[in-house]
Structure formats: structure tokens, C-alpha cells
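The structure appears below as C-alpha cells.
Quick note: the coordinates plus some simple rules give every number you see, no bench work behind them. Values in this document were obtained by computation on a predicted structure and should not be read as measured data. For neighbour counting, all protein chains shown are included, and Cβ atoms are generated from backbone atoms with ideal geometry for every residue, glycine included.
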């Protein structure tokens, strides 16, 4: 009889009591979120330049040291992608907060442990093209800059595509370094090289059609490849 009464009492908890419970849960959740935000901001302050309050190249180098990765590691570029960073070599506080919130980390150890997961996320088909395009734009360091010089292009394309399409990348870099017609590469050429890697049989190039809308630089690359004795 007592048990039945207890169950009946539980089932008829007053609205005010239920509301208090909900408010209590919300309050605890809010406090936890505040603590996380504080740790994220404390971490940002550790790396930010004291004068500008922005993480600059020196701060990123210190971050890389704590993460035990080289500053040229592609995962740092992936981290910038996750933050949606606007300027190469710099992270604002809003970008930092955005990235760490998306990664659900608030300490350097957690960030270090999540790097392999971040890499897997970027390499997914649905994410990689966005990252690839971001990488090009992120490296345009001057105002109104639209193109990358050949040396920078070779470094960047090896960094972001080397693991997925090393034979194509190696050959394209050799072509870029040997030709004299192009001093820079633009976004359209950059984007189409990824499509080339995804769609064109390599190294035989049998399904490459110059009548399709390929940039001239890729037509020249294919012609250069076909002149090589091993193709």
C-alpha cells in the first residue's frame, strides 16, 4: 500500500517541482558550459600575443610545440579549416572558440588526441573538396590576391594532396617547375587539378579529353606527360 502511494505521488509531482528540477538541470549545464569556455579562453590567452590579443605566427609555433607537431604539418592547416580561420598564421579568439567548440576540446591534451580524428574528418569525401579550396584561399596572404606563385603552389599541393594522389602530385610539381608559361596558379586551375586526380586515369591518361572544359595548364600538363617515354 505504501509503495502504491509512493508511485502515485511521483506520478502527480506538481508542475512547480518539475519546473524547479528542469531549472536546476539547466543551471548545472550552464555552469559546466561556462567552465569549458573559461578553459578555452585561458588556453587562447596562453598563445595569444599580449599586445594584439591574437594568436600570431609565434603563438602558432608555440601551439605546435605543445601539440608535438611541426608547424608545416597538414593537421595544423586542418585545424585552421575547422576554425574557419581567415588569415594565414593567425587565429582570432572567435576562430579559436569556434574550432575548439566544434572539436569538443578545452585542453591541449584533448586537442592533441583529437588530431587523428580531425584528419579522418577532413579526408571524408564530403569534406575534402571544401578543405582543398580553403587551403588555397588561406594561403592568399595579400589583400586582393587571387593567385599563388608556382613555388608556393608546389609546396601546398604536395601538403594537401600528396597522401591521396602522390603520383599525380609528383608529376604535376615536376611539370610546374620545368615549364615557363605560368608564373602563378589561380583558384580555377587549383580546383580543376583535384578533379583531374579524381577523374582521370593515371599515368596512361586514356580518358583525358582536351575538348572538355579543362584549364589550358592541364592540357599542357597532359601533353608534357605524353612526351615522357614511360607514359
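Tell me, 214, 96 in order of fewest to most beta-carbon neighbours within 10 Å? All intermediate terms of the calculation are to be shown ahead of the outcome.
On the way: 214 19, 96 22.
The order, fewest Cβ neighbours first, is 214, 96.
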Checklist entry - Can you give the angle from 0 to 90° between the axis of helix 93-103 and the longest principal axis of the chain, with both taken from C-alpha atoms, to the nearest 10? => result 80 degrees
Checklist outcome for this item: In degrees, nearest 10, the alpha-carbon axis of helix 166-178 is tilted away from the dominant principal axis of the alpha carbons of the chain by 50 degrees
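Remind me, relative contact order of the range 44-125 in percent, using alpha carbon pairs under 8 angstrom and six or more residues apart?
On the way: 70 pairs, mean separation 22.4, N = 82.
For the range 44-125, the relative contact order is 27 percent.
Would you calculate, for the chain, the mean residue ellipticity at 222 nm contributed by helices, counting each DSSP H stretch of 4 or more residues as -39,500 (n - 2.57) and dividing by all residues, to the nearest 500? Display every interim value, and only then the final one.
Numbers: 11 runs with 154 residues, N = 231.
Per the formula, -21500 deg cm²/dmol.
Give me 180, 97, 120 ranked fewest to most by other Cβ atoms within 10 Å of their Cβ, as a rough exposure proxy. Present the calculation step by step, with values, prior to reporting the outcome.
Working: 180 5, 97 16, 120 10.
In increasing order of surrounding Cβ atoms, one gets 180, 120, 97.
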Checklist entry - Cα axis of helix 216-226 to longest principal axis of the chain: angle in degrees, 0 to 90, nearest 10? => result 60 degrees
Item to check | Choice from 219, 181, 158 with maximal GNM fluctuation in the chain (Cα, 10 Å cutoff) | outcome: 181
Checklist entry - Among 213, 80, 48, which one moves the most in a GNM of the chain with springs linking Cα atoms closer than 10 Å? => result 213
Checklist entry - What is the range 129-226 by shape, rounded, prolate or oblate, if you read a ≥ b ≥ c off the alpha carbon gyration tensor as root eigenvalues and call it rounded for a/c under 1.5, prolate for a/b larger than b/c, and oblate otherwise? => result prolate
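Tell me the relative contact order for the range 111-208 as a rounded percent, counting alpha carbon contacts under 8 Å between residues six or more apart.
On the way: 56 pairs, mean separation 25.1, N = 98.
The value is 26 percent.
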Next on the checklist: Given an 8 Å cut-off on Cα distances and at least 6 residues of separation, report the relative contact order of the chain as a percent.
Outcome noted: 13 percent
